[in-house]
1. Under 6 Å by Cβ, and 6 or more places apart or on different chains, what pairs join a residue from the stretch 85-114 that is over 19 Å from Lys36 (Cα atoms) with one that is modelled with pLDDT under 80 and aromatic (Phe, Trp, Tyr)?
2. Say we look at the stretch 50-63 and pick out the residues that are touching a helix residue (DSSP H, G or I) at 6+ places or on another chain (Cβ under 8 Å) and assigned to a helix (DSSP H, G or I); which of these is most open to solvent (accessible area, probe 1.4 Å)?
3. Could you grab me the full set of residues in the stretch 1-39 that are closer than 22 Å to Phe100 by Cβ and crowded, with 18+ Cβ neighbours inside 10 Å?
4. If Leu47 passes every condition in (1) open to solvent by 30 Å² or more (accessible area, probe 1.4 Å); (2) among the aliphatic types (A, V, I, L, M); (3) part of a helix (DSSP H, G or I) but one, which one does it miss?
5. I need a count of the residues in the stretch 1-43 that are touching a residue at least 24 places away in the same chain (Cβ under 8 Å) and in contact with a Phe, Trp or Tyr (Cβ under 8 Å, 6 or more places away or on another chain).
6. Assigned to a loop (DSSP other than H, G, I, E, B) and open to solvent by less than 40 Å² (accessible area, probe 1.4 Å): is that true of Ser66 in this structure?
7. For the stretch 39-62, give me the residue count where each residue is out of contact with any His (no Cβ under 8 Å at 6 or more places or on another chain) and under 17 Å from Gly12 (Cβ atoms).
Amino acid sequence: QEGQPIYLAVKGVVFDVTSGKEFYGKGAPYNALVGKDSTRGVAKMSLDPADLTHDTTGLTEEELKSLDDIFNNVYKAKYPIVGYTSRRILNEDGSPNLDFKPEDQPHFSIKDEF
């Protein structure tokens, strides 16, 4: 919707990509990535609906390296983190992941965010 923030997730990290509206907004080239964890699509540089998922099963070493490069040099470098997907903070049974520590997550600073 017009005037609403634009979010997308990569590697379970939710980014506010509103400042890149020309890339991610309605009708923009990468709009298919928004509103979901599109990790696989980012790794494969694919907008195929089958690739717009968090699942990285079967990705090549090259695709995984590309994913890390884009995650660090594009998303973390340009866009604010607004949250994490449930897969990152919950166990498969829905219980809290006691190993999840926001301060250990990419681009998180307790001083800056609280």
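The values are calculated or read from the model by the stated rules, or taken from the named source; none is laboratory data. Here the structure is a predicted model, which means the values were calculated and not measured. So basically every Cβ, Gly included, is an ideal-geometry build from the backbone, and we count neighbours across all protein chains shown. Heavy atoms of the whole protein, side chains included, go into the accessibility calculation; ligands, DNA and RNA do not. Shrake-Rupley method; radii C 1.70, N 1.55, O 1.52, S 1.80 Å.
1. Note: pairs meeting the criteria are Pro102/Phe108.
2. So the first thing to find is which residues in the stretch 50-63 are touching a helix residue (DSSP H, G or I) at 6+ places or on another chain (Cβ under 8 Å), and the list is 51-56, 59, 63.
So of that shortlist, the ones also assigned to a helix (DSSP H, G or I) come out as 51, 63.
Values: Asp51: 18, Glu63: 45 Å².
Ranking the candidates gives Glu63 first.
3. From the stretch 1-39, those closer than 22 Å to Phe100 by Cβ are 7-16, 36-39; that's our starting set.
Residues satisfying the conditions are Leu8, Ala9, Val10, Lys11, Gly12, Val13, Val14, Phe15, Asp37, Ser38, Thr39.
4. Result: Leu47 passes all but (3).
5. Qualifying residue count, the stretch 1-43: 18.
6. On the way: assigned to a loop (DSSP other than H, G, I, E, B): no; open to solvent by less than 40 Å² (accessible area, probe 1.4 Å): yes.
No, not satisfied.
7. Step one: list which residues in the stretch 39-62 are out of contact with any His (no Cβ under 8 Å at 6 or more places or on another chain), which gives 41-62.
Now restrict to residues that are under 17 Å from Gly12 (Cβ atoms): 41-43, 51-57, 59.
Of the residues in that region, 11 qualify.
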